[in-house]
Amino acid sequence: MFARKLPALALAVSLLLIGTVGCVDWLRDLLPIACTEEFRYGLSGTVTDPDGEAIENVTVTITDGDYEEDAMFLSDTEYVGAGEREGTYTITVEAPGYETATLENVEVTADECHVIGKVRNFVLNPL
């Protein structure tokens, strides 16, 4: 008896699924969002000289209106900043004996859980 109802059940489920394909937003609203506890930086990148070598005493300053921070370096060349913070940033990179580099209007957005990071690499030219 159950075997005869199985094709009808399969058809009903298929029609339900086909009907919800066009309503993905509706379905998404019903399902809980599973965010990770991972911490993400809004900005990251590298700072090198024209030969790809590290530069001593580099400062990467990240600003967004009244907000300002000095980026943290993870290695001799790799920086990160604006942790889990949306914004429209200006990145200024300075080092003694090198031209200053400035990049404006770097927009960092976010999804439901985390910022969507932007990678910006800098090559500083000697003075």
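For the reader, a short list of remarks on this structure follows.
Each row is one residue, and each column tells you yes or no for (1) surrounded by fewer than 16 Cβ atoms within 10 Å (Cβ to Cβ); (2) of a type outside the set (A, V, I, L, M); (3) modelled with pLDDT under 95.
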| residue | (1), (2), (3) |
| --- | --- |
| Gly19 | yes, yes, yes |
| Leu27 | yes, no, yes |
| Gly65 | yes, yes, no |
| Glu68 | yes, yes, no |
| Gly81 | no, yes, no |
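- Residue among Glu56, Glu112, Glu94 that is out of contact with any strand residue (DSSP E or B) (no Cβ under 9 Å at 6 or more places or on another chain) and over 19 Å from Gly42 (Cβ atoms): Glu56
- Here the strands (runs of 3 or more DSSP E) wholly within the range 32-72 that include at least 2 residues being among the charged types (D, E, K, R) are 67-70.
To keep it simple, each residue is scored yes or no on (1) without any contact (Cβ under 8 Å) to a residue 24 or more places away in the chain; (2) under 24 Å from Cys35 (Cβ atoms).
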{"position": "Thr63", "(1), (2)": "no, no"}
{"position": "Ala71", "(1), (2)": "no, no"}
{"position": "Asp76", "(1), (2)": "yes, no"}
{"position": "Ala82", "(1), (2)": "no, yes"}
{"position": "Gly87", "(1), (2)": "no, yes"}
{"position": "His114", "(1), (2)": "no, yes"}
{"position": "Val123", "(1), (2)": "no, no"}
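- Residues of the range 80-108 that turn out to be under 28 Å from Asp51 (Cα atoms) and in a strand (DSSP E or B), as a count: 16
The values are calculated or read from the model by the stated rules, or taken from the named source; none is laboratory data. Just so it is clear, the model here is predicted, and its values are computed rather than measured. Neighbour counts run over all protein chains shown; Cβ positions are idealised from the backbone, glycine included.
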